[in-house]
Amino acid sequence: MEFLSSPSLRIMILCVIVLGSLTAASAGNLEQHFDITWGDGCAKMLNNGQLLNLSLDKASGSGFQSKNEYLFGKIDMQLKLVPGNSAGTVTSYYLSSKGSNWDEIDFEFLGNLSGDPYILHTNVFSQGKGNREQQFYLWFDPTADFHTYSSLWNPQRIIFSVDGTPIREFKNKESIGVPFPMEQPMRIYSSLWNADDWATRGGLVKTDWSNAPFTASYRNFNADACVVSSGASSCSSNSASNAWLSQELDSTSQERLNWVQKNCMICNYCTDTKRFSQGLPPECNMS
Ligand SMILES: *[C@@H]1O[C@H](CO)[C@@H](O)[C@H](O)[C@H]1NC(C)=O
Ligand SMILES: *[C@@H]1O[C@H](CO)[C@@H](O)[C@H](O)[C@H]1NC(C)=O
């Protein structure tokens, strides 16, 4: 594949071996993969990097970003969201490249009053253009325990999954003129912040600061991915574990995705004929 072509195969193999051993040594260690970038004091690495907590109080939210840039990958993270009354808070967890024509793969969790459901908001940006929202209710309480949120990003598709259940697929439709994230390496970002002007019931329910600090937790990060450094891309060591590079939905996964889309989806840009009165985006007419 073109993106794998490197000036020297030998150097690449060397990098892969080095990366492979690094990865093995640091699996799950958040300290080795992420930097806290925002809200110093509100973000904490805990248990020798096994756990990362972000928090939000009236003074500040907090956030982190990956040290590495990735060009394609299967990236898993376990999150436990702000419990209790989290109305007004948003926990964002996403991949993004830089510049005005950036690409982005978004998970955003919109908090709610105790007992009311979170909304999982997803979006895909390619070449600086988004407007591809799909929102879901989850089939469990995402604040009671850790759950795994995964982005599979390969040259053919992006698949969002929750605990291994695919919830959304964005296929590469460059053949009909829809830009797809193909060339720009992305970092992983996450932040916990106040968005009570829109997040909960469209902004009707405000953040109750008497519940602050609000805390979201992260653990068990895993990336089977191609890491870009100095312009060269290298993928994980073991070729069997690179199956994700051409992974697609098998019939069982497709059925599960259909189930989620039928039962848990709140809104879908592809059916928003009001917004797209001039015609739905071309990728929507495909399936
Ligand atoms: C919060 O709960 C209300 C009532 O069940 C629901 O309509 C809404 O979609 C939930 N989520 C958000 C983020 O507003
Ligand atoms: C980190 O978050 C967990 C909840 O997931 C909580 O039990 C723990 O007290 C937090 N630790 C710190 C130091 O904030």
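The numbers here are math on the coordinates, done by the rules we state, and not lab data. Not measured: the values here are computed from a predicted model. Reconstructed Cβ throughout: ideal geometry from the backbone, glycine too, with neighbour counts over all protein chains shown.
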* Compute the distance in nm between two label points, each set 7 Å from the Cα along the Cα-to-Cβ direction, one at Cys267 and one at Thr37. => 2.7
* Structure fact -> If each part is reduced to its alpha-carbon centroid, the range 176-208 and the range 126-170 end up apart, in Å, by 12
* Structure fact -> Expected max-MSF residue from Val162, Val228, Val178 in the GNM of the chain (alpha carbon, under 10 Å) is Val178
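Just how large is the dipole of the range 133-201 about the Cα centre, in debye to the nearest 20, putting +1 at every Lys and Arg Cβ and -1 at every Asp and Glu Cβ? Don't skip to the answer; put the middle values down first.
On the way: 6 positive and 9 negative charges, 59 e Å.
Result for the range 133-201 is approximately 280 debye, rounded to the nearest 20.
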* Structure fact -> Using alpha-carbon positions, the gyration tensor of the range 6-285 gives root eigenvalues a ≥ b ≥ c; with a/c under 1.5 called rounded, otherwise prolate if a/b exceeds b/c, else oblate, the class is oblate
* Asked: Can you pull out the GluC sites (Glu not before Pro) in the range 90-153 that DSSP calls coil and that have at most 16 other Cβ atoms within 10 Å?
  -> none
* From the backbone phi of the range 45-58, what are the Karplus-calculated ³J(HN,Hα) couplings (6.51 cos²θ - 1.76 cosθ + 1.60, θ = phi - 60°) in whole Hz, Gly and Pro given as x? -> 7, 10, 6, 6, x, 7, 9, 10, 10, 9, 9, 9, 10, 4
* Name the residue farthest towards the positive end of the dipole of the chain from the options Leu120, Ser246, Leu138, assuming +1 on Cβ of Lys and Arg, -1 on Cβ of Asp and Glu, about the Cα centre. => Ser246
* Residue-averaged [θ]222 nm for the chain, counting only DSSP H segments that reach four residues, each worth -39500 (n - 2.57) -> -4000 deg cm²/dmol
* Asked: Looking at the range 6-285, how many pairs of lysines come closer than 16 Å at the Cα, when each pair is eight or more places apart or spans two chains?
  -> 7
